[in-house]
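Reviewing the structure listed below.
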Amino acid sequence: MASKSTIPAVKGTREFYPEEMALRNYLYAKAAQASQTFGYQEWDAPFLETIDLYAAKSGEELVKEQSFVFNDRGGDPITLRPELTPSLARMIAARQGQLTFPLRWWSFGPFWRYERPQKGRSREFFQWNIDMLGVNSPEADAELIAVAATFIQSVGLTPDMATIFVNNRRLMDAQFDALGVPSEQRMTVSGMVDRRPKMSPEAWDAYVLENGLTQSQLDGLKKVLANYDLWQESDELVRLFKALDALGVREYVKFDPNIMRGLLYYTGTVFEAFDLSGSVRRAILGGGRYDNLLADVGGDPLSGVGFAMGDVVMGIILQEKGLIPPFVPSPAPVLVTVFDESLWMNSFALTAELRAAGVNVLAYPEPAKLPKQFKFADRMGIRVVTVIGPDEAETGKVTVKNLANGTQETVERSEVAKTITKILESAAQQ
RNA sequence: GCGGAUGUAGCUCAAUGGCAGAGCGCUACACUGUGGCUGUAGUUGUUGUGGGUUCGAGCCCCAUCAUCCGCCCCA
């Protein structure tokens, strides 16, 4: 067996055969489109960073347990980037005085996390990151949510398939305060909320009580988490939803007091999008407002809002819903056949003429039986096949066949490009 | 790091401890200048790897590797 002698790919890495590459490029194109219609600039950071960049800011777990770390030839520890935000912070800080704020940046690239691969999660993944920096307002938060909604809509997901759930850290902190939860316990309680959907109600109650909350705090917490009108008590969220209305994406967004996002650095609005109907319960994107982005890299205080979306979960969801555009193997819609050895160069010359006329075209690379060449064309998703046999060569003509409907005609060589273009245009309209 | 499952043809999967199979695919022909559709014929194996038990192992046992599903974690 071939696999016996094959060196396997590194665990958790991704191999993009043309079909998967098409999906990745599709997601990239849709992310670019959503970003750019809102005026965001594309940027990127190194894939390799020193471990120090992450040590200060990120959770311990992320660096110590979930990053690829190795020594370079000089013995210095290097990390394959597990996230983008620290790199963003450094790059902003380095040119804080020169950049034009408010700054809107987006990026799409590979990240690595040393985790156990399972459904919706691999060790190597692509992530779309987008941030607005230098503005601190619910309206700015709304814009980022609108970008996310625009993307979700552009890939064909309707509001009943995918929804963005919103909450606010300050609102929840106020609720926790009212329940008498000390500020140093907030993270613990947030963790409890995050875990709640994975446990039975009874088990969760017991778990909460075991971890330091009183019965009355538990009761109060459950009341808060069940109150979907709570946003009306938050001036920020009232303004946020008003802005979402104006931006035309309100139907994709819902307030949900159960959205916490366990991250240390979110300080205001937080949001997370979920697929409501599929098999993946993982968040498809998530983000929020953060302050002090530059605190650890020595810049002046800077507030921002942003989110990240991974390609793996998104790909699964689109696949399950049949929303992935059909894969066409050949980027060239035209095949020029090679009838026999004597007419080989005649066909090659035709490909050059067609390319000069702006048509993507591939030649069969050697003489072969026509059935074989047509079969190849069919499998590659090719729409038009040309034949130059002895008859055509004699009269200076070319036979052009439309594979979609099986019709063909023989035209003057000077007319070939025009004939093909017409076929391709009529197919594109359907 | 912890728990569970699965590895058999290119793919999807069968096979009481007793001759390793089917469908799809692939190749050829029908159709020597035309793909898809149809028919006929043909083709496909170190049963993940290494050991053990047995007269005999795809099947039972041990180890190992890989994949999948959970837990943990999710920046």
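For the reader, a short list of remarks on this structure follows.
- Qualifying residue in region A:384-391 (condition: open to solvent by 90 Å² or more (accessible area, probe 1.4 Å), near RNA strand B (Cβ under 7 Å from one of its atoms) and in contact with a Ser or Thr (Cβ under 9 Å, 6 or more places away or on another chain)): yes
- Residue in region A:151-159 that is buried (at least 17 other Cβ atoms within 10 Å of the Cβ), assigned by TED's automatic domain parsing to the domain that holds A:LEU294 and within 26 Å of A:ASP52 (Cβ to Cβ) present: no
- Restricting attention to region A:184-206, the residues being within 11 Å of RNA strand B (Cβ to nearest atom), touching a helix residue (DSSP H, G or I) at 6+ places or on another chain (Cβ under 7 Å) and of a type in the set (Val, Ile, Thr) number 0.
- Members of region A:142-175 found to be more than 21 Å from the chain's Cα centre (by Cα) and within 15 Å of RNA strand B (Cβ to nearest atom), listed by number: A:ASN167, A:ARG169, A:MET172
- Region A:226-237, subset outside any helix (DSSP H, G or I) and out of contact with any strand residue (DSSP E or B) (no Cβ under 7 Å at 6 or more places or on another chain), residue most open to solvent (accessible area, probe 1.4 Å): A:ASP229
- Annotation for region A:334-354: no member residue is under 30 Å from A:PHE241 (Cα atoms) and hydrophobic (A, V, I, L, M, F, W, C).
- Check on A:ALA55, touching a residue at least 40 places away in the same chain (Cβ under 8 Å) and surrounded by fewer than 20 Cβ atoms within 10 Å (Cβ to Cβ): no
- Yes/no for A:THR188 being at pLDDT below 95, of a type in the set (Ser, Thr, Tyr), assigned by TED's automatic domain parsing to the domain that holds A:LEU247 and out of contact with any Ser or Thr (no Cβ under 9 Å at 6 or more places or on another chain): no
- For region A:150-173, residues that are in contact (Cβ under 8 Å) with a residue 24 or more places away in the chain and either closer than 22 Å to A:SER234 by Cα or assigned to a strand (DSSP E or B) (or both) total 11.
- Region A:8-52, subset more than 28 Å from A:PHE327 (Cβ to Cβ) and open to solvent by 100 Å² or more (accessible area, probe 1.4 Å), residue modelled with the lowest pLDDT: A:ASP52
- Residue in region A:342-355 that is within 14 Å of RNA strand B (Cβ to nearest atom), touching a residue at least 24 places away in the same chain (Cβ under 8 Å), closer than 17 Å to A:ILE420 by Cα and open to solvent by less than 90 Å² (accessible area, probe 1.4 Å) present: yes
- Taken over region A:392-409, the criterion of being surrounded by 17 or more Cβ atoms within 10 Å (Cβ to Cβ) and free of Cβ contacts under 8 Å to residues at least 40 places away in the same chain is satisfied by A:GLU392, A:LYS397, A:THR399, A:VAL400, A:LYS401, A:ASN402, A:LEU403.
- Scanning region A:96-141 for residues that are within 14 Å of RNA strand B (Cβ to nearest atom), aromatic (Phe, Trp, Tyr) and assigned to a strand (DSSP E or B) yields A:PHE111, A:TRP112, A:PHE125, A:PHE126, A:TRP128.
The values are calculated or read from the model by the stated rules, or taken from the named source; none is laboratory data. Being a predicted model, the structure only gives us computed values, none of them experimental. In this analysis, Cβ positions are derived from the backbone assuming ideal geometry, glycine residues included, and neighbour counts consider all displayed protein chains. Only protein heavy atoms, including side chains, enter the accessible area calculation; ligands, DNA and RNA are left aside. Shrake-Rupley method; radii C 1.70, N 1.55, O 1.52, S 1.80 Å.
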